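Let me begin by presenting the structure, written as structure tokens, before commenting on it.
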Amino acid sequence: MKKVTLVLLLSLVPVFTIAAAQQEKQYSLELSEPEKTMRLNVELRNGNVIVEGYQGRTVEIMAKINPLSESELKEVGSHRREKPHINQKVKKSREKSGLKSINNISHSLEIQEYNNRVSINSERSSNQIDLIVKVPMSAQVEVSIYRGNEVRVNNIKGPIEIETWKGDIYANNISGPIVAETHQYAIEVVFSEFSDKSPSSLTTYGGDIDVTMPKKAAAKINVQNYQGEILSGLDSEFVATETIKRNKKGSKQEIIVGGQMTADINGGGQHITLTTYSGDILLRKP
Amino acid sequence: MKHQDVINWKINQLNQTCEQPLTAEMNDYITAHPELAEELSLIEQFWQTEPPLSERPAASVRTHFYTMLADEKQNLKLKQKNRINTWFDTVIDWFTLPRLAQSFALLAVFTLGLSINDVEVIDPQDSSIAALQQEVASLSSLVAMSMLNRSSASERLSGVSFSLKAGLADPNLTSTLLALLENDGSTAVRLAVINAFAQSKIESRIEDNLISLTVNEKNPLVQIALCRLLFSTGSQNAQSTLNSRLNTINLNQDVSQYLLQINAKNRI
């Protein structure tokens with residue numbers, strides 16, 4: 001199998017050694033087997049990600065690398081160890097007056113393609129990386145941002161997994177299945193079709209979940225929130241799930257109503273679970 | 001026209017049940033049969049109590065009379081035999097001894113047949129079916145565990161659904177689910193595992209694991225779901241233990257508020 005490794009060694013390009021400079025790079029990757037489904041894996045520490053599906057057979061990457069300010073850097077934390085390793089020699093403190101700090105943006109982004117799997121990684125916390133990635137519409141997409149901002153996925157018909165901590169998640173014109181998670185922010189998904197291949201799940205702690213289901217989708221919608229509202233524009237009715245447990249000897253019977261609200265649309269089908277603690281859940285039809 | 005028709009007419013006339021006068025045809029018939037005329041005269045005389053008979057009837061007449069009487073008696077017997085019974089008579093007939101004996105005999109045969117049918121026959125195929133069912137159950141568990149180890153979160157969610165359908169009786173499957181609950185990177189998968197446990201009976205050995213997971217959990221959404229699971233479906237002992245341990249740690253504000261809302265502390 002053809003292995004293509006493309007590593008951005010930005011330190012080799014003199015123009016990029018200038019501190020606080022935004023850099024924009026574009027790359028095009030050919031897939032090992034373009035006729036087969038590809039898999040995209042994006043892992044960033046800081047940044048925004050937009051993934052667009054298109055009719056082409058290559059992967060187009062546009063990356064903007066923005067160094068973080070001092071305050072932003074303090075917020076996200078330095079990658080340097082606070083305490084030296086036990087085997088590390090304690091460094092002698094040296095005079096630094098008159099010297100200027102050079103923003104180290106080497107090894108900011110690593111892009112690999114192997115056997116139709118494309119991975120884009122950024123491990124350093126000192127830069128914000130904004131990515132726009134164009135992939136074939138049938139791609140499987142996985143995006144994980146540790147401390148970044150929003151993730152947008154458009155026109156993707158394959159499975160999608162998104163995880164971010166401090167950003168909104170938007171998915172438009174997708175088929176699913178989709179498993180998306182964020183912490184305090186919102187998740188907004190518009191299905192053009194609803195795949196019955198595997199279950200879907202949208203989870204956020206404090207944000208709202210806004211889902212538009214396609215007209216002909218057959219699905220079982222499970223919703224669970226503790227403090228927010230559930231608002232539905234769908235024709236199906238929501239019922240509370242109940243568990244009935246009976247002691248074998250008949251001496252104790254317990255009926256527990258609650259846990260989730262469930263609705264079957266168009267007769268029911270593959271599950272989609274929406275969970276938020278304090279946000280609202282909004283369900284729409286096109 | 002026969003002799004009997006004329007005699008019947010005569011008897012009915014004497015009995016005043018017939019108002020039909022002697023017809024010309026009858027008169028001609030009687031004229032043509034003198035023995036019939038003698039017989040009619042005898043009947044008339046016999047019918048009248050006074051005056052007594054003046055002379056003894058002829059032997060031939062007497063013989064014919066007695067023959068006629070015997071025939072009439074025979075006819076009466078036949079009529080009684082062929083009499084159509086009413087529904088009441090039919091019902092009464094059921095309770096006659098022969099009928100009762102027949103009914104009891106039929107009931108005895110029926111009861112015997114039923115008792116024979118109820119006898120359990122050990123089918124040698126039952127044991128092989130049970131073994132097959134066990135094999136299918138273990139295969140289902142293997143498939144579920146395979147799905148639970150997939151790299152895709154959506155496939156792991158499918159695995160949790162499949163585990164629930166396969167049943168959580170297999171300890172290996174339960175252990176895999178517990179490991180997933182503790183270590184999986186996807187909150188959705190962990191919440192799905194909790195929902196799966198909520199829909200099945202929690203064994204005591206699992207309760208201890210769940211209590212530890214609840215106390216050490218950092219994700220408030222998962223911690224709340226675990227508290228909900230144990231306080232609604234856990235044993236009294238588990239609830240008490242969980243309550244004690246939760247009181248010793250600093251809880252997230254939302255988790256504390258949730259526990260107060262469900263009145264968890266007053267459940268014990």
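Structure above, values below:
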quantity	calculated
Placed amide H near residue A:260: partners under 5 Å, 5+ positions off or other chain	A:241
FRET efficiency, 1/(1 + (r/R0)^6) with R0 25 Å, evaluated for residue A:165 and residue B:244 via beta carbons	0.15
Residues with amide H under 5 Å from that of residue A:201, placed H, sequence gap 5 or more	A:178, A:179, A:180, A:273
Principal semi-axes in Å for the range B:162-268 [√(5λ), Cα gyration tensor, largest first]	23, 15, 11
Expected 222 nm ellipticity per residue - DSSP helices of 4 or more, -39500 (n - 2.57), all of chain B, to 500	-24000 deg cm²/dmol
Spacing of the two label points (7 Å from each Cα toward its C-beta) at residue A:52 and residue A:35, in nm	2.8 nm
Virtual spin-label span in nm between residue B:44 and residue A:26, 7 Å along Cα→Cβ	14.9 nm
Tilt relative to chain B, helix B:236-246 - C-alpha long axis, 0 to 90 degrees, to 10	20 degrees
Cα-derived Rg over Rh, computed across the range A:131-184 with Rh taken as Kirkwood radius	0.94
Radius 12 Å from Cβ of residue B:189, net charge of other residues (Lys, Arg +1; Asp, Glu -1)	-3
Built amide H within the under 5 Å cut-off of residue A:142, gap 5+	A:40, A:41, A:42, A:161
Charge context of residue A:54, other residues only, Cβ under 9 angstrom, K/R +1, D/E -1	-1
Coordinate range along principal axes, alpha carbons of chain B, Å, largest first	143, 48, 35
Among the listed pairs A:64/A:92; A:36/A:220; A:166/A:216; A:216/B:201; A:166/A:215; A:36/A:134, those beyond 26 Å (Cα-Cα)	A:64/A:92; A:36/A:220; A:166/A:216; A:216/B:201; A:166/A:215
Under 14 Å, Cβ to Cβ, from residue A:156 - net charge with Lys/Arg +1 and Asp/Glu -1	+1
Estimated FRET transfer efficiency when R0 is 35 angstrom, pair residue B:131-residue A:241 (beta carbons, to 0.05)	0.50
Derived scalar couplings ³J(HN,Hα) [the range B:211-217; Karplus, 6.51 cos²θ - 1.76 cosθ + 1.60; whole Hz; x for Gly, Pro]	5, 4, 4, 4, 5, 8, 6
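Values quoted throughout were computed directly from the atomic coordinates according to the rules given, and no laboratory measurement underlies them. The structure displayed is predicted, hence computed values, not measured ones. Backbone-built Cβ (ideal geometry, glycine too); neighbour counts: all protein chains shown.
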